[in-house]
(Lines give C-alpha, C1' and ligand atoms only; values in the text may rest on other atoms or scores of the structure.)
Protein backbone atom coordinates (compact mmCIF):
# COMPACT_ATOMS: atom_id res chain seq x y z
CA UNK A 1 0.00 0.00 0.00
CA UNK A 2 1.30 3.46 -0.86
CA UNK A 3 0.84 5.97 1.91
CA UNK A 4 0.05 9.57 1.16
CA UNK A 5 0.87 12.51 3.39
CA UNK A 6 -2.84 12.69 4.23
CA UNK A 7 -2.89 9.02 5.33
CA UNK A 8 0.10 9.66 7.56
CA UNK A 9 -1.45 12.79 9.10
CA UNK A 10 -4.82 11.11 9.73
CA UNK A 11 -3.23 8.02 11.27
CA UNK A 12 -0.77 10.00 13.36
CA UNK A 13 -3.43 12.42 14.54
CA UNK A 14 -5.74 9.64 15.64
CA UNK A 15 -2.92 7.82 17.43
CA UNK A 16 -1.72 10.97 19.21
CA UNK A 17 -5.24 11.93 20.23
CA UNK A 18 -5.80 8.47 21.67
CA UNK A 19 -2.51 8.51 23.56
CA UNK A 20 -3.08 12.07 24.77
CA UNK A 21 -6.59 11.42 26.05
CA UNK A 22 -5.52 8.25 27.88
CA UNK A 23 -2.50 10.02 29.36
CA UNK A 24 -4.57 12.98 30.53
CA UNK A 25 -7.12 10.69 32.15
CA UNK A 26 -4.36 9.06 34.21
CA UNK A 27 -3.00 12.37 35.52
CA UNK A 28 -5.38 14.26 37.78
CA UNK A 29 -3.16 17.37 37.73
CA UNK A 30 -3.86 17.76 34.01
CA UNK A 31 -7.37 16.30 33.76
CA UNK A 32 -10.66 17.06 35.46
CA UNK A 33 -10.51 15.74 39.01
CA UNK A 34 -14.20 16.08 39.80
CA UNK A 35 -17.40 16.36 37.78
CA UNK A 36 -17.43 20.13 38.32
CA UNK A 37 -13.89 20.59 36.93
CA UNK A 38 -13.41 21.21 33.23
CA UNK A 39 -10.62 20.11 30.92
CA UNK A 40 -9.77 22.15 27.86
CA UNK A 41 -7.80 20.51 25.08
CA UNK A 42 -6.71 22.90 22.35
CA UNK A 43 -5.83 21.54 18.92
CA UNK A 44 -3.75 23.97 16.89
CA UNK A 45 -4.22 22.93 13.25
CA UNK A 46 -1.48 23.53 10.75
CA UNK A 47 -0.36 22.35 7.36
CA UNK A 48 -2.69 20.20 5.29
CA UNK A 49 -5.27 20.01 8.07
CA UNK A 50 -6.15 23.68 8.23
CA UNK A 51 -9.52 24.89 9.44
CA UNK A 52 -11.10 24.98 5.97
CA UNK A 53 -9.94 21.45 5.22
CA UNK A 54 -11.51 20.09 8.40
CA UNK A 55 -14.58 22.31 8.93
CA UNK A 56 -15.95 24.40 6.10
CA UNK A 57 -18.91 26.62 5.24
CA UNK A 58 -19.85 24.51 2.22
CA UNK A 59 -22.54 26.92 0.98
CA UNK A 60 -20.32 30.02 1.14
CA UNK A 61 -19.75 31.56 -2.30
CA UNK A 62 -16.26 32.82 -1.37
CA UNK A 63 -15.22 29.37 -0.14
CA UNK A 64 -16.52 27.76 -3.32
CA UNK A 65 -14.77 30.33 -5.54
CA UNK A 66 -11.45 30.02 -3.68
CA UNK A 67 -11.21 26.22 -3.77
CA UNK A 68 -11.88 23.91 -6.65
CA UNK A 69 -14.52 21.21 -6.17
CA UNK A 70 -11.83 18.57 -5.60
CA UNK A 71 -10.24 20.69 -2.84
CA UNK A 72 -13.26 21.54 -0.75
CA UNK A 73 -15.79 19.81 1.45
CA UNK A 74 -18.93 19.14 -0.57
CA UNK A 75 -22.62 19.51 0.31
CA UNK A 76 -23.57 16.41 -1.68
CA UNK A 77 -22.12 13.77 -3.95
CA UNK A 78 -20.09 10.65 -3.28
CA UNK A 79 -18.51 11.92 -0.04
CA UNK A 80 -20.50 14.85 1.34
CA UNK A 81 -19.29 16.69 4.41
CA UNK A 82 -20.77 15.75 7.77
CA UNK A 83 -23.37 18.39 8.73
CA UNK A 84 -22.92 20.25 12.02
CA UNK A 85 -25.82 21.57 14.04
CA UNK A 86 -25.86 24.79 16.08
CA UNK A 87 -23.56 26.78 13.80
CA UNK A 88 -23.12 30.41 14.92
CA UNK A 89 -24.36 31.63 11.52
CA UNK A 90 -26.90 30.58 8.93
CA UNK A 91 -24.16 28.94 6.90
CA UNK A 92 -23.91 25.20 6.40
CA UNK A 93 -20.70 24.23 8.23
CA UNK A 94 -19.61 20.63 7.71
CA UNK A 95 -16.82 18.39 8.91
CA UNK A 96 -14.61 16.60 6.42
CA UNK A 97 -16.16 13.22 5.51
CA UNK A 98 -13.07 11.43 6.87
CA UNK A 99 -13.80 12.73 10.40
CA UNK A 100 -16.87 10.77 11.58
CA UNK A 101 -15.29 10.22 15.02
CA UNK A 102 -15.06 13.97 15.56
CA UNK A 103 -18.69 14.39 14.51
CA UNK A 104 -19.73 11.77 17.05
CA UNK A 105 -17.91 13.65 19.82
CA UNK A 106 -19.37 16.96 18.57
CA UNK A 107 -22.90 15.54 18.49
CA UNK A 108 -22.49 14.27 22.07
CA UNK A 109 -21.73 17.82 23.25
CA UNK A 110 -18.13 17.00 24.24
CA UNK A 111 -16.47 18.93 21.38
CA UNK A 112 -16.76 22.57 20.45
CA UNK A 113 -15.36 23.95 17.23
CA UNK A 114 -14.11 27.51 17.44
CA UNK A 115 -13.39 28.49 13.88
CA UNK A 116 -11.07 31.22 12.65
CA UNK A 117 -9.78 32.35 16.02
CA UNK A 118 -6.30 33.51 16.82
CA UNK A 119 -4.24 36.37 18.11
CA UNK A 120 -5.38 39.95 18.47
CA UNK A 121 -1.96 41.56 18.05
CA UNK A 122 -2.35 41.86 14.27
CA UNK A 123 0.95 40.33 13.21
CA UNK A 124 1.09 39.69 9.48
CA UNK A 125 3.79 37.06 9.88
CA UNK A 126 2.63 33.44 9.73
CA UNK A 127 5.83 32.32 11.50
CA UNK A 128 5.59 34.87 14.31
CA UNK A 129 1.90 34.05 14.87
CA UNK A 130 2.66 30.31 14.97
CA UNK A 131 5.44 30.87 17.50
CA UNK A 132 3.22 33.01 19.72
CA UNK A 133 0.32 30.53 19.57
CA UNK A 134 2.58 27.60 20.43
CA UNK A 135 4.07 29.48 23.38
CA UNK A 136 0.65 30.59 24.60
CA UNK A 137 1.41 34.28 24.63
CA UNK A 138 0.27 37.27 22.63
CA UNK A 139 3.30 39.52 22.84
CA UNK A 140 6.31 38.04 24.62
CA UNK A 141 8.48 36.44 21.93
CA UNK A 142 11.36 36.09 24.40
CA UNK A 143 9.83 33.27 26.41
CA UNK A 144 11.92 30.13 26.51
CA UNK A 145 9.04 27.85 27.54
CA UNK A 146 5.62 26.91 26.26
CA UNK A 147 2.27 27.28 27.99
CA UNK A 148 2.19 23.70 29.31
CA UNK A 149 5.62 24.11 30.94
CA UNK A 150 4.53 27.39 32.54
CA UNK A 151 1.29 25.79 33.77
CA UNK A 152 3.05 22.78 35.26
CA UNK A 153 5.60 25.09 36.90
CA UNK A 154 2.76 26.94 38.64
CA UNK A 155 1.44 23.77 40.33
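List of remarks:
- Among the candidates 33, 12, residue that is loosely packed, with under 13 Cβ neighbours inside 10 Å, modelled with pLDDT under 60 and not in a loop (DSSP other than H, G, I, E, B): 12
- Of all residues in the range 70-83, exactly one satisfies the criterion of being under 18 Å from the mean Cα position of the chain (by Cα) and either surrounded by fewer than 16 Cβ atoms within 10 Å (Cβ to Cβ) or outside the structural domain of residue 51 (by TED's automatic domain parsing) (or both), namely 83.
- Condition check for residue 55: under 18 Å from the mean Cα position of the chain (by Cα) and surrounded by fewer than 16 Cβ atoms within 10 Å (Cβ to Cβ): no
The values are calculated or read from the model by the stated rules, or taken from the named source; none is laboratory data. All values derive from a computational prediction rather than experimental measurement. Don't worry about glycine lacking a Cβ; one is built from the backbone with ideal geometry, like all the others, and counts go over all protein chains shown.
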